[in-house]
1. Can you compute the helix-only [θ] at 222 nm over the chain? Use -39500 (n - 2.57) per DSSP H run of at least 4 residues, normalise by all residues, nearest 500 deg cm²/dmol.
2. With r defined as the distance between the Cβ atoms of residue 240 and residue 205 and R0 fixed at 30 Å, what FRET efficiency is calculated, to the nearest 0.05?
3. Using a Förster radius of 30 Å, what is the FRET efficiency between residue 212 and residue 57 based on their Cβ-Cβ separation? Nearest 0.05, please.
4. Which value in nm describes the separation of the simple spin-label points at residue 35 and residue 111, placed 7 Å from the Cα toward the beta carbon?
5. Pull out a ≥ b ≥ c, the square roots of the eigenvalues of the alpha-carbon gyration tensor of segment 110-226, then state rounded if a/c is under 1.5, prolate if not and a/b is larger than b/c, and oblate in the remaining case.
6. Please order 77, 290 by the number of other Cβ within 10 Å, starting at the fewest.
7. Taking 0.36 nm per residue of separation and subtracting the Cα-Cα distance, what length does fully extending residue 248 through residue 94 add?
């Protein structure tokens, strides 16, 4: 099994609560200011059960089992914190299994335009990544500094978006009725050195009764209910390769996104196999008030 089958799961949760900024397509009604969209985000804790949704005959992956726990909290004045832990067990056709344990904590200061992140990934109890760093929008560039590294900070375009910025931009594009969006995303994954080029397709807005039969936990007043929601599909490309011409996405992520930032019906597709994330628990967290 290639390591990417494990490491690539890292942006799953981040992808479920972030999306893209530079929307293109038909114009729609005016959208709320970013500050308004930020204030609508719900502090919450969500748990997803991970299972194999599909596999091709050529796929080496035979079974998938795991759990993903995601927490999001904060406010527009002080910033937003997120934590997630994703533990998955992938078994191949020969009966060999590997266990991946991925843990991430981050803090995004939307006013100070900075993003602090800590990533720790383990496979079969062996640490394969332990990264702590900070990225900041500084003038006409975004600079990334990794703790313990003496070299000059990495310089990225100023237009690169951090996770909460990314999510707000997607929600505003969705509210405007835009269907397609493309943007570069930095979320601190893969050693804090990788930028994903994301292409996002936003489906038609839904506001009526929600089909939550398979995810009864989604019925939470103030989090989902009858609020606006959109089906979203995101394709993740390695930006370095995408700049060189047409390439296939490393993986694709599908989910239903509510205007509160809550996501459900996750589906991560690698081509040879796909993983489903079923929402099993959802609870509100204290949001904190602006002072």
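What follows is calculated from the coordinates using simple rules that are stated; it is not laboratory data. Everything numeric in this text was worked out from a predicted model, so none of it was measured. Ideal geometry is used to build each Cβ from the backbone, glycine not excepted, and the neighbour counts take in all protein chains shown.
1. On the way: 6 runs with 39 residues, N = 291.
It lands at -3000 deg cm²/dmol.
2. Values: r = 34 Å, r/R0 = 1.15.
Between residue 240 and residue 205 the formula returns 0.30.
3. Details: r = 33 Å, r/R0 = 1.11.
E between residue 212 and residue 57, to the nearest 0.05, is 0.35.
4. Result for the modelled spin labels: 1.0 nm.
5. Numbers: a/c = 2.62, a/b = 1.56, b/c = 1.68.
Verdict is oblate for segment 110-226.
6. Numbers: 77 14, 290 9.
Ascending number of Cβ neighbours within 10 Å: 290, 77.
7. Details: separation 154, 0.36 × 154 = 55.44 nm, distance 2.78 nm.
Difference between extended and current length: 52.7 nm.
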